[in-house]
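Here is the structure we will look at, set down as C-alpha coordinates.
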Amino acid sequence: MSLTFSLSPEARAELLEAIQFYEAESRGLGAAFLSSVEQGLDQLVLFPESAPVLYRKVRRKTLRRFPYSLLYSILKQEIRVLAVMNQKQRPFYWLGRK
(Lines give C-alpha, C1' and ligand atoms only; values in the text may rest on other atoms or scores of the structure.)
Protein backbone atom coordinates (compact mmCIF):
# COMPACT_ATOMS: atom_id res chain seq x y z
CA MET A 1 0.00 0.00 0.00
CA SER A 2 1.41 3.39 -0.92
CA LEU A 3 1.02 6.46 1.21
CA THR A 4 -0.53 9.72 0.16
CA PHE A 5 0.29 13.15 1.52
CA SER A 6 -1.58 16.16 2.80
CA LEU A 7 -0.52 19.65 3.81
CA SER A 8 -1.69 21.42 6.92
CA PRO A 9 -3.38 24.76 6.19
CA GLU A 10 -0.29 26.52 7.55
CA ALA A 11 2.05 24.49 5.34
CA ARG A 12 -0.11 25.26 2.30
CA ALA A 13 0.04 28.99 3.12
CA GLU A 14 3.84 28.81 3.55
CA LEU A 15 4.17 27.02 0.21
CA LEU A 16 2.11 29.64 -1.62
CA GLU A 17 4.00 32.47 0.07
CA ALA A 18 7.37 30.99 -0.95
CA ILE A 19 6.21 30.44 -4.54
CA GLN A 20 5.08 34.08 -4.75
CA PHE A 21 8.33 35.30 -3.22
CA TYR A 22 10.52 33.37 -5.66
CA GLU A 23 8.36 34.30 -8.64
CA ALA A 24 8.71 37.98 -7.68
CA GLU A 25 12.48 37.53 -7.52
CA SER A 26 12.74 35.99 -10.97
CA ARG A 27 10.15 34.82 -13.46
CA GLY A 28 9.96 31.02 -13.41
CA LEU A 29 11.74 30.65 -10.07
CA GLY A 30 8.42 30.10 -8.28
CA ALA A 31 7.68 27.17 -10.58
CA ALA A 32 11.18 25.80 -9.95
CA PHE A 33 10.55 25.99 -6.20
CA LEU A 34 7.22 24.18 -6.57
CA SER A 35 8.94 21.50 -8.66
CA SER A 36 11.53 21.04 -5.90
CA VAL A 37 8.75 20.63 -3.32
CA GLU A 38 6.94 18.12 -5.54
CA GLN A 39 10.14 16.10 -5.99
CA GLY A 40 10.61 16.07 -2.22
CA LEU A 41 7.03 14.89 -1.69
CA ASP A 42 7.43 12.17 -4.32
CA GLN A 43 10.51 10.89 -2.48
CA LEU A 44 8.68 10.92 0.84
CA VAL A 45 5.76 8.94 -0.55
CA LEU A 46 8.20 6.27 -1.76
CA PHE A 47 10.55 6.37 1.24
CA PRO A 48 8.68 7.96 4.16
CA GLU A 49 11.30 7.11 6.79
CA SER A 50 14.27 8.34 4.75
CA ALA A 51 14.44 11.78 6.38
CA PRO A 52 15.88 12.15 9.88
CA VAL A 53 13.69 12.72 12.91
CA LEU A 54 13.83 16.36 13.99
CA TYR A 55 11.58 16.32 17.05
CA ARG A 56 9.57 13.44 18.48
CA LYS A 57 7.80 11.95 15.42
CA VAL A 58 8.37 14.92 13.12
CA ARG A 59 10.87 14.38 10.31
CA ARG A 60 12.72 16.93 8.20
CA LYS A 61 13.21 16.57 4.44
CA THR A 62 15.62 19.20 3.11
CA LEU A 63 14.89 20.46 -0.39
CA ARG A 64 17.53 20.67 -3.08
CA ARG A 65 18.46 24.07 -4.46
CA PHE A 66 16.29 26.05 -2.02
CA PRO A 67 16.85 26.78 1.70
CA TYR A 68 13.59 25.08 2.72
CA SER A 69 12.61 21.87 4.48
CA LEU A 70 9.42 19.85 4.55
CA LEU A 71 8.53 18.99 8.15
CA TYR A 72 6.20 16.01 8.30
CA SER A 73 4.77 13.17 10.34
CA ILE A 74 4.01 9.68 9.12
CA LEU A 75 0.43 8.74 9.93
CA LYS A 76 -1.26 5.41 9.26
CA GLN A 77 -2.00 6.00 5.58
CA GLU A 78 -0.57 9.40 4.81
CA ILE A 79 2.32 11.76 5.20
CA ARG A 80 1.14 14.95 6.90
CA VAL A 81 3.27 17.97 5.99
CA LEU A 82 3.18 20.32 8.97
CA ALA A 83 5.41 23.08 7.58
CA VAL A 84 7.22 24.24 4.48
CA MET A 85 9.95 25.80 6.56
CA ASN A 86 12.39 28.45 5.51
CA GLN A 87 15.62 27.23 7.12
CA LYS A 88 16.48 30.78 8.20
CA GLN A 89 13.40 31.07 10.43
CA ARG A 90 13.00 30.17 14.08
CA PRO A 91 13.53 26.40 14.10
CA PHE A 92 10.51 25.30 16.19
CA TYR A 93 7.87 27.88 15.24
CA TRP A 94 5.71 25.06 13.85
CA LEU A 95 5.30 23.16 17.14
CA GLY A 96 1.67 22.45 17.89
CA ARG A 97 0.57 21.99 14.27
CA LYS A 98 -1.45 18.95 13.24
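For first residues located in region 33-57 and free of Cβ contacts under 8 Å to residues at least 24 places away in the same chain, partners that are of a type outside the set (Phe, Trp, Tyr) and lie 6+ apart or on another chain with Cβ distances below 6 Å form the pairs Leu34/Ile19; Ala51/Arg59; Ala51/Arg60; Ala51/Lys61; Val53/Arg59; Leu54/Arg60; Lys57/Ser73. Across region 59-73, a minimum of one residue is classified as closer than 19 Å to Ser2 by Cα and in contact with a Phe, Trp or Tyr (Cβ under 6 Å, 6 or more places away or on another chain).
Here is the figure for region 36-84: residues that are in contact with a Gly (Cβ under 6 Å, 6 or more places away or on another chain) and part of a loop (DSSP other than H, G, I, E, B) total 1.
Pairing residues of region 72-92 that are modelled with pLDDT of 85 or more with residues that are part of a loop (DSSP other than H, G, I, E, B) and loosely packed, with under 14 Cβ neighbours inside 10 Å, at Cβ distances under 6 Å and at least 6 apart in sequence or on separate chains, gives Ser73/Lys57; Gln87/Pro67. Mind checking which residues of region 1-50 are among the hydrophobic types (A, V, I, L, M, F, W, C), touching a helix residue (DSSP H, G or I) at 6+ places or on another chain (Cβ under 9 Å) and at pLDDT 95 or above? Once the filter is applied, which keeps residues that are among the hydrophobic types (A, V, I, L, M, F, W, C), touching a helix residue (DSSP H, G or I) at 6+ places or on another chain (Cβ under 9 Å) and at pLDDT 95 or above, region 1-50 yields Leu7, Leu15, Ala18, Ile19, Phe21, Ala24, Leu29, Ala31, Ala32, Phe33, Leu34, Val37.
The values are calculated or read from the model by the stated rules, or taken from the named source; none is laboratory data. Quick caveat: nothing in here was measured; it's all calculated off a predicted structure. Positions of Cβ are backbone-derived with ideal geometry, glycine not excepted, and every protein chain shown enters the neighbour counts.
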